[in-house]
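Each value in this text was obtained by applying a stated rule to the coordinates, not by laboratory testing. Owing to the predicted nature of the structure, the values given are computational and were not obtained by experimental measurement. Counting neighbours? That spans all protein chains shown, and the Cβs are built from the backbone with ideal geometry, glycine included.
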């Protein structure tokens, strides 16, 4: 009996692995998910993983990577590895908050605008297009300069930039499916508009939201790093990849390359993870993409 059970489990594990690694996209998705899980673990367990307090001086000056300080220390004698680990917490927190705020703004407006149409649709679309026409980083800089530093303020600055993306995606899809037969049937049986939107239309546009969300997380991390690099992000001495990148580049000419390299690698790696994961999710939720390849 146990032998049959073990064969059954082995067969299903093998099928699962074949499904994951059966294509190049499956491998890319798996690698992207592994990168994201790694950084999430760093963010959650930073106090247990980091060898030192990221805000405390542990050496007298800049020190290159060594057995004692694997990533070296910065100009204030703080451990770079510890700051990179704790920086994952700040970057991911701001990115997730920003994307959730953007989705909370863009999705309801897209549903209402696409479903109702008319002058309301034109007004909201005009406002969203005006926001969308601004270069994202410049708009985020302007808002962050007004709101000031802080996790929530930076998240709001980034959310305003990406809210039009959710609006445009949702609005266009709602406008295209609101006249489908199943929606007409719901109207015919007397379903209220709110019920139609939430029960019949929203589930059909959610796959696109998932893809946009994972892509925007990567963009949000880069935007947050850009704001911090310019001095508009989290106030020091809180560890932040963008701020450490800005601080490290001042000492590159002194051959202190480690202060610039490791925060930059962290940003590149987590953005790459989100990009790879979103590509796989997009193909999984839209099988027609896979069929065209």
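What the table shows:
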{"item": "For segment 27-88, radius of gyration divided by Kirkwood radius, i.e. Rg to Rh on alpha-carbons", "result": "1.10"}
{"item": "Cα Rg, Dmax (largest Cα-Cα span) when computed across segment 140-260, Å", "result": "21.5, 74"}
{"item": "Spin-label zone in segment 189-204 - amide nitrogen under 15 Å from a point set 7 Å from the Cα of residue 120 along the C-beta vector", "result": "192-198"}
{"item": "Values of log10 I(q)/I(0), in the order q = 0.11, 0.13, 0.15, 0.19 Å⁻¹, for segment 56-152 under a Debye, Cα-only, solvent-free model", "result": "-0.58, -0.69, -0.80, -1.00"}
{"item": "Ratio Rg/Rh, restricted to segment 119-196 and using Cα atoms, in which Rh is the Kirkwood radius", "result": "1.17"}
{"item": "Contour excess over end-to-end distance, with Cα ends at residue 272 and residue 179 and 0.36 nm allotted per residue", "result": "29.6 nm"}
{"item": "Spread of Cα-to-Cα distances over 5 Å intervals beginning at zero, given as percent, for segment 158-227", "result": "3, 15, 22, 18, 13, 10, 8, 6, 3, 1, 0"}
{"item": "Which of 246, 82, 208 has the fewest Cβ neighbours within 10 Å, and the rest in rising order", "result": "208, 246, 82"}
{"item": "q = 0.19 Å⁻¹, segment 78-121: log10 I(q)/I(0) [Debye, one scatterer per Cα]", "result": "-0.66"}
{"item": "Alpha-carbon Rg with Dmax, taken over the chain, Å", "result": "23.2, 76"}
